[in-house]
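Scroll down for the structure; my scribbles are underneath it.
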Amino acid sequence: MTTRHTASTTLSGGERSPHAPWKLNTQLVDTLSKQGHVRTPAVEHAMRAVLRHQFLPGVTLDDCYTDTAVPFQRDGDGNLLACAARPSQVTAILELLHVEPGDAVLQIGVGCGYTTALLAVLAGKKGRVTGVDIDPFALQRAGESLAFARPLGTVRLHPGDGAHGRPSSGPYQRILATTSVRTVPGPWLEQLESGGLLVVPIRLGGTVTRLIAFTHRDGAWTSTASAPCRHATPMRSAHPPEHHAMLPLTASGSVRLPVHAEQHAHAGALSHVLDGPARSAAWTGVVLGAGESAEWLEVHLASAMPGGVSDLRLDLRAPGPLPVASPFRGCGAAVDGANLAYLTLRKAAPATAGADTGGVELGVIGHGPHPEPLAEQLVEAVRDWDRHLRGRTAHFTLTTSKAAQPSAGGDARPRADDLVRAAVRWR
């Protein structure tokens, strides 16, 4: 028999109550609804029906019912392998996926099983959820939690490389990938029923990742909607395997930078690069108003900069002051060999448009032996967004690296061995 170590149900003041999780979950869903994350009655019902702490044994109730991600698996080097996404991120996924009663849903990467349970509630008694995960630990843990929580609906979990999907249980009306990919595996597209929806976190460049919902219509895979996606763990698969590393930019470890193969980072030369003085600084003249989102600027920089941009990871608990000047979190930094350039900000000058509303001006600071060309390129990319793309929205299409074979209906659909990338179109 398996023994489960569930989260403590102790309220502040030491009072124990079996109703504590329900109360905290109600407060969480109420907050997410007020903030606009929960937008439909179906998603609200599912969020209220499933208790998150049942999928995070050993985690305190306070941590389970706040809008924070909860890491629950790391490798021997401390690198994050699996993480329970923030509830607001989960609601973004569910709102994009639009699961309807009776749907067959394929979930790539079951994680802790919390999202799986929510999908089962949305699909209902006549629907079914098929989960695939390459990690036997995750499958066992999620299976135990699902058996304990007993969500409404049929759930089947299977071991395997998620890049291959689960053709024997298809086709599906909805397919969800919970881990990020650079290219979309062709089998997912083949196993999606005509008119169905695929929701996947796609890494556009560097660490810039976006949750994108795709459907196949008029002979093309086009996005129906998208949302920002922070800190999604890469899919572990042979399709093709993701090569990434976390570089320490300071000796104290106070600032780190996640980089991927396409970013051409010289790991040895970039190590502790922020411990030296900045060699360049420039201001763009581009002002963001108070509360203005930079999500579309981020999407632009992902394609405008070679290898995209990565977000600086700051450890506020590290000793001493942070060696970065007002870093602009979200868009982060670009790298080229031994050089680093990152976005910074300052209060907009009084004569600048947007200054009267508490706006901030974006700037670029460069480190390394010769950061000036990289920094200037980042400055120009920000200005280019301001001149030509500000106020516009990015839409996405899937394009293949090989010629797709026409299906029986005449539509060009990617083959299983195609590498399918997301291309950006601005409107």
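The values are calculated or read from the model by the stated rules, or taken from the named source; none is laboratory data. What you see is a predicted model; the values in this text were computed from it and never measured. Cβ sites come from the backbone with ideal geometry, for glycine too, and all protein chains shown count toward neighbours.
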ask   = Which of (1) in a loop (DSSP other than H, G, I, E, B); (2) within 28 Å of Thr31 (Cβ to Cβ) does Ala117 not meet, given it meets every other one?
value = (1)
query = How many residues does the stretch 268-297 contain that are modelled with pLDDT under 90 and under 14 Å from Val335 (Cβ atoms)?
reply = 0
request  = Taking His370 as the residue in question, decide whether it is under 20 Å from the mean Cα position of the chain (by Cα) and at negative phi.
outcome  = no
Failed criterion for Leu81 (all others in (1) aliphatic (A, V, I, L, M); (2) at pLDDT below 95; (3) not in a strand (DSSP E or B) hold) = (3)
task = Please enumerate the residues belonging to the stretch 40-65 that are in a helix (DSSP H, G or I) and either of a type in the set (D, E, K, R) or out of contact with any Ser or Thr (no Cβ under 8 Å at 6 or more places or on another chain) (or both).
result = Pro41, Ala42, Glu44, His45, Ala46, Arg48, Ala49, Arg52, Asp62, Asp63, Cys64
ask   = From the list Ser280, Ser310, Ser293, which residue is exposed (fewer than 15 other Cβ atoms within 10 Å of the Cβ), hydroxyl-bearing (Ser, Thr, Tyr), over 14 Å from Ser254 (Cβ atoms) and in the same structural domain as Leu257 (by TED's automatic domain parsing)?
value = Ser293
ask   = Of these, Leu274, Leu257, Leu340, which one is aliphatic (A, V, I, L, M), farther than 24 Å from Ala227 by Cα, within 27 Å of the chain's Cα centre (by Cα) and not in a helix (DSSP H, G or I)?
value = Leu340
inquiry  = Whether any residue in the stretch 86-98 is of a type in the set (Asp, Glu) and surrounded by fewer than 22 Cβ atoms within 10 Å (Cβ to Cβ) is what I want to check.
reply    = yes
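Yes or no, residue by residue, for (1) over 20 Å from Thr40 (Cα atoms); (2) in contact (Cβ under 8 Å) with a residue 24 or more places away in the chain; (3) not assigned by TED's automatic domain parsing to the domain that holds Ala225:
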{"position": "Ala84", "(1), (2), (3)": "yes, yes, no"}
{"position": "Asp103", "(1), (2), (3)": "no, yes, no"}
{"position": "Gly111", "(1), (2), (3)": "yes, yes, no"}
{"position": "Ala138", "(1), (2), (3)": "yes, yes, no"}
{"position": "Ala142", "(1), (2), (3)": "yes, yes, no"}
{"position": "Ala147", "(1), (2), (3)": "yes, no, no"}
{"position": "Ala163", "(1), (2), (3)": "yes, yes, no"}
ask   = Which of (1) of a type in the set (A, V, I, L, M, F, W, C); (2) modelled with pLDDT under 95; (3) not in a loop (DSSP other than H, G, I, E, B) does Ala334 not meet, given it meets every other one?
value = (2)
note = Selection over the stretch 135-163 where residues are under 15 Å from Arg236 (Cβ atoms) and surrounded by fewer than 19 Cβ atoms within 10 Å (Cβ to Cβ) yields a count of 6
